[in-house]
Each structure stands twice: as C-alpha cells, then as structure tokens.
Amino acid sequence: MNPTIGIIGGGAAGLFAALHAARTTCEVILWEANPTLGRKLAVTGGGRGNLSHRGLGADRYACDAPESLHALLHRFNHDWLRRELLEQGVLTYCSDDGWCYPVSHSAAAVSAILATAVAQHHVMVSTGCRITAVKKIGDGFMVRDDLGGGRTVQRLIVATGGKAHPQLGGDDDALAWLAELGVTVRPMRPALAPLIAEVRALHKLQGVRLDVAAELYGNGLLLGRSTGNLIFTQFGLNGPAAMDLSHLVHASPLQPMQLLLNFLPHHLDAFMTLVRQKRKQGWPLQALLESALPAKLAALIARGIGAPLDQDVAALTEEQSSRLVSLLTAFPIAVIGVKGFHHAQLAAGGVPLSEIDTATMECRGVQGLFLAGEVLDVVGPCGGFNLHFAFASGALAGIGAGRL
Ligand SMILES: Cc1cc2nc3c(=O)[nH]c(=O)nc-3n(C[C@H](O)[C@H](O)[C@H](O)COP(=O)(O)OP(=O)(O)OC[C@H]3O[C@@H](n4cnc5c(N)ncnc54)[C@H](O)[C@@H]3O)c2cc1C
C-alpha cells in the first residue's frame with residue numbers, strides 16, 4: 001500500500017509540499033491551524049508578494065550547512081520557481097534590482113491560487129485544525145489535533161513556519177514535539193526586524209529614508225554587512241538595510257554593538273568631484289550636502305563637522321573636510337537591540353539545516369520525518385529570498401516524502 005503523507009502547516013512551504021506530494025500516488029493530508037491556507041503569504045511584500053530573487057544564491061543566507069543549501073537552490077532555482085508558479089497560474093516579473101513579484105501585484109491572489117491548486121490535486125485539507133502532538137509509532141507517526149482527532153501517517157512533513165508575526169498565527173509550538181522526536185532545535189529569535197538604536201541625538205531624522213551600505217560591529221568586530229533602503233524611526237532604524245542585520249544582534253554576545261552607515265555607497269566619487277569643483281566656485285555647504293542627502297541629514301552632518309549650513313565650502317578646514325568624509329561614509333550609531341516578533345518578518349532559530357538531508361529534506365535522525373520552510377534555521381535577506389527557500393524546500397520535501 002502507498003504511504004499516507006501528512007503535512008503540518010499550510011503556508012508557502014506546506015502548499016508547495018502538498019502540490020508536489022500530490023503528484024505521486026500517495027494520499028496527502030494537510031493540516032492548517034489558521035482558518036485559511038497561506039495567511040502569511042497573503043500579506044508578504046507589503047501585499048505585493050516578493051516571491052523570489054533573480055540573484056538567488058546560498059551565499060545570501062545564514063545557515064549552518066551552506067553547501068547543502070547551495071545544492072538545494074541550484075536544483076530549485078529562480079527559473080524553476082517561476083516555471084512552477086506559472087504552471088499554477090501565477091505570472092511573475094522581476095524589478096530592475098532582481099526582486100520578483102506576481103504580475104497581479106497581489107500576494108493574496110497568489111495565496112488563493114495555490115490553495116485552489118492544492119484542492120484540485122485532491123489533497124485532504126483541514127483548516128482551523130491545530131496539531132498539538134506528534135508521536136513516532138513503528139514506521140509512522142501518530143498526529144493529534146486540538147479538535148480531539150488523531151491520525152496515523154507513514155510520512156510526515158513539518159512546515160509550521162516560525163514565531164514571526166504572531167498576529168498572523170506565527171508560533172514555535174512545533175519545536176516542543178520535534179524535540180521529543182529527538183530533533184535538535186534552537187530557540188527562535190526575531191529576524192528581519194527593525195533595529196532599536198540610540199537615536200536621541202538623531203530625533204530630527206525621523207522619517208528620513210535613503211539607500212545606504214551598513215556594517216554591524218560587536219565590540220569592534222565586523223559581524224555583517226548589508227545594503228539597501230534605510231528609514232530613521234522614533235526607536236531606531238527600519239528598512240531592508242537594518243532588518244537584514246537584525247538576526248546577528250541576538251546571535252552575538254559581543255557588546256557594545258555599533259552600526260556604521262555609508263550614506264553615499266554609490267555616489268561617493270561623484271560627490272567628491274563636486275566638492276573639489278564647488279570649493280573653487282564658493283558654494284554654501286547646504287547646497288553641496290543637499291546635492292546628495294535629504295535636507296534633515298545634511299543639517300545633521302553640517303552640525304557634526306561644526307560648520308554652519310551657509311558656510312562657504314572653500315572655508316572648510318582640512319579637519320572639517322576629513323570629518324565630513326568620515327561622517328558620510330562611516331556614520332556611527334549605537335545598536336541597543338531588535339524589535340520583537342510582532343515586528344519581525346522572520347524567525348531565526350528552529351531546526352539547524354545540518355540535521356536535514358537536503359537531497360530529500362528528510363531529518364537525518366528520524367526516518368519518515370521531513371522539514372521545510374521557516375521551521376528550519378535558514379535566514380535570507382529581504383528581497384524574496386525567504387519565500388523562495390520556503391517554496392523550494394517545500395517542493396523538495398513533497399517529492400522526498402512521496403518517494404516509494
Ligand atoms: C509581514 C511579512 C512580510 C513578509 N514579506 C516577505 C516577502 O515579501 N518576501 C519573502 O521572501 N518573505 C517575506 N516574508 C517571510 C515569509 O512570509 C516567510 O519566509 C514564509 O511565509 C515562510 O513560509 P512557511 O510556509 O515556512 O511558514 P508560514 O508561511 O508561517 O506557514 C506556516 C503555517 O503553519 C501553520 N501552523 C503552525 N503550527 C501549526 C500546527 N501546530 N498545526 C497546524 N498548523 C500549524 C501556521 O498557521 C502557518 O500557516 C514576510 C513575512 C512577514 C511576516
């Protein structure tokens with residue numbers, strides 16, 4: 001008799017696992033705690049659904065088995081995902097910077113299309129049904145739900161996601177029964193979350209948004225780099241450039257933590273040429289700074305070098321000029337912490353990827369148990385990397401679990 005495949009979690013990973021498992025001759029059951037499938041997927045990318053990234057590569061993720069991740073993403077790459085989505089009826093395109101979206105600009109539509117596809121593939125779906133316990137019995141698993149039901153399955157795919165956005169149902173309950181099954185689990189912590197920073201002296205910058213390159217240091221040691229949009233907020237820093245570094249803050253004991261911001265990552269040379277020209281033409285500092293920076297930031301930098309905004313650029317001392325370059329390219333901000341799970345787009349932690357055979361997504365220590373998506377300790381940056389990993393690992397788990 002063909003094995004029955006149970007899938008816990010109907011997010012991006014669980015939906016793709018179900019679609020791929022259903023292509024086999026196995027019976028497939030999908031349990032989802034929320035009243036609808038793909039609830040988190042439906043709000044991703046600010047409602048637009050940033051589904052993948054053209055520049056996908058294992059080097060963009062943090063995990064403990066980068067070579068295994070490389071093999072997985074090589075097989076289930078960006079083009080593969082776009083073909084799979086197209087097959088289900090989701091047209092996609094990439095922006096100039098490689099971020100991949102549905103042509104509909106509707107993450108909710110993608111979620112609804114995938115849910116329909118799963119139903120059409122004769123997957124038995126139970127929504128509003130939370131799995132509360134999983135036990136290994138013989139060569140299968142006994143799965144119990146919060147409605148008092150129980151079911152035995154021969155293969156089990158755990159795609160329960162992580163703790164980010166508990167307001168959408170994110171939690172880490174699965175880690176308790178995974179640990180009981182003998183799987184190594186790491187506590188979850190917020191990732192892709194805004195940074196809490198010492199911004200008292202920067203309060204006038206609230207709302208300022210610009211592209212930066214950022215470096216995070218712990219006790220003087222470089223922990224990570226990011227580039228992208230940054231937004232100054234009441235409590236610190238938001239936007240991809242800050243969020244992409246957030247998982248490193250809790251991961252490291254090194255204190256104090258400091259961010260160095262380069263406000264001119266792409267335009268420093270052009271700016272310095274302008275400085276040399278305007279020195280000869282007697283330009284005011286304000287006009288020079290505002291040629292490249294938002295006005296509020298220009299005013300702060302001028303204060304930082306101790307020069308009034310109406311000062312002639314030619315009158316800057318050598319010390320002021322070198323301080324100007326230093327503030328423009330390595331502006332220091334003390335990092336105090338990270339916003340909590342309510343504000344995070346991802347959870348770091350969960351099951352280390354090294355516990356998984358990435359040829360099938362089967363757990364090395366527990367035969368018949370497969371894991372996919374955010375329940376695994378794999379952290380990608382903003383830009384579609386995390387949904388891609390969820391879709392790719394979900395597909396692989398579905399194929400792996402369906403092997404006879
Ligand atoms: C606001 C927001 C915006 C985001 N935007 C993007 C983006 O644009 N691009 C991108 O790449 N990533 C984005 N992400 C991250 C992305 O959503 C996740 O990487 C992805 O959803 C992970 O998919 P998953 O299937 O592993 O987990 P989930 O999508 O969280 O799905 C897990 C499912 O399992 C269910 N579940 C959990 N426990 C149980 C249980 N015991 N019994 C039954 N069901 C259970 C949950 O209800 C949930 O539906 C965003 C995240 C958030 C919060």
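The values are calculated or read from the model by the stated rules, or taken from the named source; none is laboratory data. For clarity, every value in this text was computed on a predicted model and none was experimentally measured. FYI the Cβ positions are ideal-geometry reconstructions off the backbone, even for glycines, and counts take in every protein chain you see.
A few points about this structure:
- Every residue from segment 121-133 that is modelled with pLDDT of 95 or more, out of contact with any Pro (no Cβ under 7 Å at 6 or more places or on another chain) and more than 9 Å from the ligand (Cβ to nearest atom): 123, 124, 125, 133
- Test for residue 110: is it among the aliphatic types (A, V, I, L, M), within 30 Å of residue 144 (Cβ to Cβ) and in contact (Cβ under 8 Å) with a residue 40 or more places away in the chain: no
- Scanning segment 231-257 for residues that are of a type in the set (S, T, N, Q) and crowded, with 18+ Cβ neighbours inside 10 Å yields 233, 238, 246.
- Identity of the residue in segment 153-168, more than 13 Å from residue 375 (Cα to Cα) and surrounded by 17 or more Cβ atoms within 10 Å (Cβ to Cβ), that ends up farthest from the ligand (Cβ to nearest atom): 154
- Pairs where the first residue, in segment 169-182, is closer than 19 Å to residue 356 by Cβ and the second is of a type in the set (A, V, I, L, M, F, W, C) and in a helix (DSSP H, G or I), C-beta under 9 Å, 6+ apart: 172/375; 174/375; 175/375; 178/375
- Condition broken by residue 224, with the remaining ones in (1) in contact with a helix residue (DSSP H, G or I) (Cβ under 7 Å, 6 or more places away or on another chain); (2) assigned to a loop (DSSP other than H, G, I, E, B); (3) not hydrophobic (A, V, I, L, M, F, W, C) satisfied: (2)
- Residue pairs meeting the criteria (Cβ under 8 Å; at least 6 apart or on separate chains; first at positive phi and surrounded by fewer than 16 Cβ atoms within 10 Å (Cβ to Cβ), in segment 275-292; second of a type in the set (Gly, Ala, Ser) and in a helix (DSSP H, G or I)): 282/314
- Residue that is surrounded by the most Cβ atoms within 10 Å (Cβ to Cβ) [pool: residues in segment 172-203 that are under 16 Å from the mean Cα position of the chain (by Cα) and within 14 Å of the ligand (Cβ to nearest atom)]: 191
- Among (1) in contact with a Leu (Cβ under 6 Å, 6 or more places away or on another chain); (2) surrounded by fewer than 23 Cβ atoms within 10 Å (Cβ to Cβ) - the single one residue 340 does not satisfy: (1)
- Subset of segment 379-392 (residues that are more than 8 Å from the ligand (Cβ to nearest atom) and either of a type in the set (S, T, N, Q) or farther than 13 Å from residue 57 by Cβ (or both)): 379, 391
- Residue under evaluation residue 50, criteria (1) touching a Phe, Trp or Tyr at 6+ places or on another chain (Cβ under 7 Å); (2) part of a strand (DSSP E or B), criterion not met: (2)
- Whichever residue in segment 78-101 is part of a helix (DSSP H, G or I) and in contact with a strand residue (DSSP E or B) (Cβ under 9 Å, 6 or more places away or on another chain) and, among such residues, is farthest from residue 389 (Cα to Cα): 86
- Listed by first and then second residue, the pairs linking a residue in segment 296-308 that is touching a residue at least 40 places away in the same chain (Cβ under 8 Å) to a residue that is β-branched (Val, Ile, Thr), with Cβ atoms under 9 Å apart and 6 or more places separating them unless they lie on different chains, are 296/208; 297/208.
- For segment 15-74, the candidate set comprises residues that are near the ligand (Cβ under 9 Å from one of its atoms) and free of Cβ contacts under 8 Å to residues at least 60 places away in the same chain; within that set, the residue that is farthest from the chain's Cα centre (by Cα) is 48.
- Qualifying residue in segment 319-339 (condition: more than 29 Å from residue 97 (Cβ to Cβ) and either near the ligand (Cβ under 10 Å from one of its atoms) or acidic (Asp, Glu) (or both)): yes
- Odd one out for residue 367, checked against (1) among the polar types (S, T, N, Q); (2) more than 12 Å from the ligand (Cβ to nearest atom); (3) within 17 Å of residue 70 (Cβ to Cβ): (3)
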